[in-house]
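The block underneath contains the structure these notes are about, expressed in structure tokens.
The values are calculated or read from the model by the stated rules, or taken from the named source; none is laboratory data. As the structure is a computational prediction, the values presented were derived from the model and not from experiment. Cβ sites come from the backbone with ideal geometry, for glycine too, and all protein chains shown count toward neighbours. Areas reflect the complete protein model, heavy atoms only, side chains present, ligands, DNA and RNA absent. Shrake-Rupley method; radii C 1.70, N 1.55, O 1.52, S 1.80 Å.
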Amino acid sequence: MFRRALIAALLAATPSLAQPVAAPDCTVDGRLADSDELRLDITYRCRATQPLSFRSVEERASSYVHDLKVEQRDGVAEARYRFDLSGFARAVDATSLAVQRGNGVLAILGSWLLEPQGYDRVPTIDIRMTTAPGLVFAAGLPKVGDAWRLSGSPVVTAGYTALGRLTYRELAVPAPGSLRPGEPKAEAVLRVAILDGVGESARADLFDWVERTAQAQSNYWQGFTAKQALLGLVPVTHRRGVGYGRSVPGGGVTVMVEVGTDVDRRRLFGDWVLTHELIHTGMPFIRRGGTWFMEGAATYVEPIIRARAGWKSEEEVWREWVDNMPKGVQAFSSTMANARGQENYWGGATFMLLADVGMRRATNGAKGLEDCLAGVLWSGLDGARRATIAEYAATCDRVTGTTVMSSLVERHFNNAQPVDLAALWKDLGISLVAGRIALDDSAPSARWRKLIVPGTHPLKRVKLPWES
Ligand SMILES: [Zn+2]
């Protein structure tokens with residue numbers, strides 16, 4: 001699930017994205033304190049000869065900005081203000097924007113950071129934050145020295161930040177591509193923030209779940225999906241198990257996942273949301289009608305990752321697809337560009353199955369969809385970037401040495417070629433017999449079907465906590 005779709009219209013109106021520059025246009029010096037409530041004191045300095053103004057990109061946040069003073073002279077605009085973070089997060093109380101638990105907050109950067117207006121490009125902003133003792137500040141942005149750098153992405157599209165009193169850990173994960181044979185070992189960082197609301201042993205279970213899920217994810221992509229990312233877990237009382245998840249990539253990938261306060265290990269590992277959201281972090285935002293493409297990939301790959309980790313069986317994966325892919329058939333008949341609701345997930349997933357089979361057939365079993373997704377990520381189209389479907393498909397074709405993805409895009413996105421699921425199952429040798437999945441190895445494409453769930457790389461199981 002994405003916040004990105006909501007801001008697509010806003011993005012269309014912003015200046016073209018600039019390449020990162022060595023020296024930032026702006027610096028932000030922030031101080032986070034919690035004498036009783038969480039409060040930010042911000043000093044913004046931007047180099048500019050043209051007049052700049054500073055505005056809140058989140059309308060509901062503007063009344064929590066206090067004592068804003070802007071002065072501009074000698075080519076530097078300076079803005080100072082205070083932000084009532086607790087007041088805002090309590091009033092909004094939405095995991096999609098800002099939420100407070102205890103004295104910790106997970107909030108979209110643009111809720112508390114004003115955006116400089118007046119540049120003819122997207123300015124690069126270096127953020128330095130000092131925190132009172134015991135407080136934390138973390139973002140999904142890359143670190144440059146002691147600064148968090150927002151570049152190539154305006155404040156309005158930036159992802160989550162974690163602030164205040166919360167449980168925070170930086171997990172070392174394998175860098176993107178670093179698990180390929182012959183590649184030197186390299187580390188990436190997954191920053192994990194858990195807001196208040198669960199006890200110490202539940203927090204330990206949550207960190208363990210994130211760590212093992214990141215490991216399963218890394219095995220599929222031959223390295224993690226991002227060089228750095230922030231994952232915020234928000235305890236909620238109105239749900240059991242895992243709740244809503246959301247991926248927001250602007251400037252650096254961030255993910256929010258709601259977790260029920262009744263933390264149960266078996267329920268965590270039986271759930272799909274975290275794996276699904278982490279898949280989003282390995283792909284660029286696909287603009288111009290790409291929701292079905294992004295959701296389709298995340299929906300399709302999620303059970304494969306969990307099956308390769310040993311957390312579900314091959315039959316369970318096929319059962320899930322046979323049961324759910326009919327929900328996406330209609331989308332093919334009116335082109336995927338017009339997919340609505342569930343059609344995005346299941347029409348997109350069916351499209352990815354066609355791509356996966358096609359790539360295995362075209363390469364005589366050497367490559368599959370994982371080589372496309374990982375290859376595109378390593379080529380630089382990562383979670384902080386934006387691309388069109390055509391750009392993504394061209395890169396996928398190049399890294400797999402096939403024309404499978406662009407041909408399917410031509411057929412089902414540019415044109416409305418329908419899909420015949422019954423014929424597809426027959427060709428792959430999949431049938432339901434007495435309510436159970438039966439796999440027929442004599443079917444015409446059974447060879448390629450057999451490679452889909454286990455993949456072509458040696459399988460790496462990820463033990464479940466009660467197995468070790
Ligand atoms: Zn999603």
Scan the range 175-231 for trypsin sites (Lys or Arg not before Pro) in coil per DSSP, keeping those whose Cβ has at most 13 other Cβ atoms within 10 Å, and list them by number. K185
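Given axes a ≥ b ≥ c from the Cα gyration tensor, I'd like to know whether the range 180-314 is rounded (a/c under 1.5), prolate (a/b larger than b/c) or oblate.
rounded
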How big is the charge dipole of the range 27-105 about its Cα centre, in debye rounded to the nearest 20, if each Lys and Arg gets +1 on its Cβ and each Asp and Glu gets -1 on its Cβ? 180
Could you order R128, R385, R360 by accessible surface area, starting with the largest, using a probe radius of 1.4 Å? R385, R128, R360
Please work out the C-alpha center-to-center distance from the range 296-312 to the range 71-122 and express it in whole Å. 37
How large is the accessible surface of R319 in square angstrom, using a 1.4 angstrom probe and rounding to the nearest 10? 80
To test your reading of the geometry: what angle, between 0 and 90 degrees and rounded to tens, separates the Cα axis of helix 342-362 from the longest principal axis of the chain? 60
Compute the accessible area per residue over the range 92-215, keeping the other protein chains in place, probe 1.4 Å, unit Å². 35
Heavy-atom accessible area per residue, the range 244-401, 1.4 Å probe: how many Å²? 30
Note the per residue figure in Å³ for the convex hull of the C-alpha positions in the chain. 150
Probe 1.4 Å, all chains present, heavy atoms only: H457 accessible area in Å², nearest 10, is 70
Which pairs in the list K143/K463; K327/K450; K227/K463; K227/K312; K312/K426 are over 26 Å apart, alpha-carbon to alpha-carbon? K143/K463; K227/K312
If you average the sequence gap of Cα pairs under 8 Å that are 6 or more apart and divide by the length of the range 345-468, what percent do you get for the contact order? 22
The chain: relative contact order from alpha carbon pairs under 8 Å, six or more residues apart, as a whole percent, is 12
Report, in whole Å, the centroid distance computed from the Cα atoms of the range 146-222 and the range 397-450. 34
Grab the alpha carbons of the range 312-465, take their convex hull, and tell me the volume per residue in Å³. 145
Whenever you get a sec, compute what percent of the accessible area on the chain sits on carbon and sulfur atoms (1.4 Å probe). 49
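How large is the helix-only mean residue ellipticity at 222 nm for the chain, computed as the sum of -39500 (n - 2.57) over DSSP H runs with n ≥ 4, divided by its residue count, in deg cm²/dmol to the nearest 500?
For the chain, the value works out to -9500 deg cm²/dmol.
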